[in-house]
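First the structure, in the form of structure tokens, and then the observations on it.
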Amino acid sequence: MSQRISSRKSARVRARRGALTRDQVLAQALILLDRDGVAALSMRRLAEHLQVSPMALYNHVADKQDLLQGVARRILDRMSFPIDDPDWRQRIRACFRELRNTCLKHPGVVRLLETIDDPPLSVFRPMEITLAALKETALDREDAVRAYFLLMNFVLGQVSYEARGPFKGLDPAETVKSGRLESTGFTHIEHAVPLERWDFERAFEFGLSTILAGLSSNE
């Protein structure tokens, strides 16, 4: 934590001294994204964060879209997708594990990509890896695309739930704890829902394995 604070202070000192670089601008913008979300990625907010005038940023980014694209590229280019495993299932598993880890590290990345007019083409790397892997099954091209979106929707939905937490009133564990389900006939819920902290990692691996098992039937 102290190293991170020191890094931020150093970047601000360099900015005030006129030694700010594009890489530093994007790095600090990413800090704002992770801390405050996409709404924080305005030129004004970033300038305040760096303690410089907004005009100083235009020496390093053309406009807000350039800033957003640069931050997105900074995130996506750091994703590593092993593609040398001979088992197509393991290539897909590794791909979506990396995607999940990246989204958990940078919860605002999905909204960021939705905001950009022209996202980096590297956003399609998981799709390319998945479709290449599924060529080793009997799925036709359309079903392979459907399989990709099934995997993507599962991962992004799970990540969203993990990052946000359950909506108030819709958490079955809290409802069971409150006693509201007593004598309602929902006995299976009462007996099945774990009351301890939900294991998101295990839930993710279970869901991924279930999808891959279904796709394996098409080999």
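The values are calculated or read from the model by the stated rules, or taken from the named source; none is laboratory data. Just so it is clear, the structure is predicted and the values come from calculations on it, not from any experiment. Cβ: placed from backbone, ideal geometry, glycine included. Neighbour counts: every protein chain shown. In case anyone asks, the SASA skips ligands and DNA or RNA and just uses the protein heavy atoms, side chains included. Shrake-Rupley method; radii C 1.70, N 1.55, O 1.52, S 1.80 Å.
Descriptive notes on the structure:
- Its Cα centre serving as origin, the range 102-161 has a Cβ charge dipole (Lys and Arg +1, Asp and Glu -1) of approximately 240 debye.
- Computed [θ] at 222 nm, helices only, for the chain once each DSSP H run of length n ≥ 4 contributes -39500 (n - 2.57): -20500 deg cm²/dmol
- Phi-based couplings in Hz for the range 39-47 (Karplus 6.51, -1.76, 1.60; Gly and Pro marked x): 4, 7, 8, 10, 4, 5, 5, 5, 4
- Judged by the gyration tensor of its Cα atoms, with axes a ≥ b ≥ c, the range 168-208 is prolate; a/c meets the 1.5 cut and a/b is the larger of a/b and b/c.
- Sorting Ser217, Ser53, Ser42 on solvent-accessible area from highest to lowest, probe radius 1.4 Å, gives Ser217, Ser53, Ser42.
- Ignoring aspartates and glutamates fewer than eight residues from Lys64 along the same chain, the ones with Cα atoms less than 13 angstrom from its Cα are Asp117, Asp118.
- From the coordinates of this entry, Rg/Rh (Cα atoms, Kirkwood Rh) is computed, and it appears in [x] 0.98; [y] 1.07; [z] 0.94 under the label [y].
- Accessible area expressed per residue, the chain, with surrounding protein chains retained (probe 1.4 Å, Å²): 60 Å²
- Accessible surface of the chain, 1.4 Å probe, proportion on carbon and sulfur as whole %: 53 percent
- Selected from Ser217, Thr187, Gly207, residue furthest toward positive end of dipole (the range 174-219; charges at beta carbon): Thr187
- Reported value for the range 109-215: 151 Å³ per residue, from the convex hull of its C-alpha atoms.
- When only Cα pairs below 8 angstrom with a gap of at least 6 residues are kept, the range 46-114 shows a relative contact order of 24 percent.
- The dipole here belongs to the chain: it is taken about the Cα centre, uses +1 on the Cβ of Lys and Arg and -1 on the Cβ of Asp and Glu, and is about 1420 debye.
- Expressed per residue, the C-alpha convex hull volume of the range 41-101 stands at 95 Å³.
- Computed from backbone phi, the HN-Hα couplings of the range 140-151 come to 7, 4, 5, 5, 5, 5, 4, 5, 4, 5, 4, 4 Hz, rounded to whole numbers (Karplus: 6.51 cos²θ - 1.76 cosθ + 1.60, θ = phi - 60°; Gly and Pro given as x).
- Proximal charge balance of Lys64 [Cβ under 12 Å; K/R count +1, D/E count -1]: -1
- Listed residues Ala132, Leu30, Leu76: farthest to the positive end of the dipole of the chain (Cβ charges): Leu30
- Protection-proxy order for peptides 64-73, 163-172, each taking the mean of Cβ atoms within 10 Å per residue, highest first: 64-73, 163-172
- Angle in degrees between helix 88-105 and the longest Cα principal axis of the chain, rounded to the nearest 10: 50 degrees
- Rounded to 10°, Cα long-axis angle of helix 125-134 versus longest principal axis of the chain: 30 degrees
- Positive-end extreme of charge dipole, the range 102-219 - chosen from Val176, Val109, Val145 (charges on Cβ): Val176
- Evaluated with a Cβ-only charge set (Lys, Arg +1; Asp, Glu -1), the range 134-184 carries a dipole of roughly 200 debye about its Cα centre, given to the nearest 20.
- 3J(HN,Hα) along the range 178-192, derived from phi through the Karplus expression 6.51 cos²θ - 1.76 cosθ + 1.60 where θ = phi - 60°, amounts to 6, x, 5, 8, 4, 6, 9, x, 8, 5, 5, 5, 4, 8, 9 Hz, with x in place of Gly and Pro.
- Heavy-atom accessible area ranking, 1.4 Å probe, most first, across Arg141, Arg22, Arg202: Arg141, Arg202, Arg22
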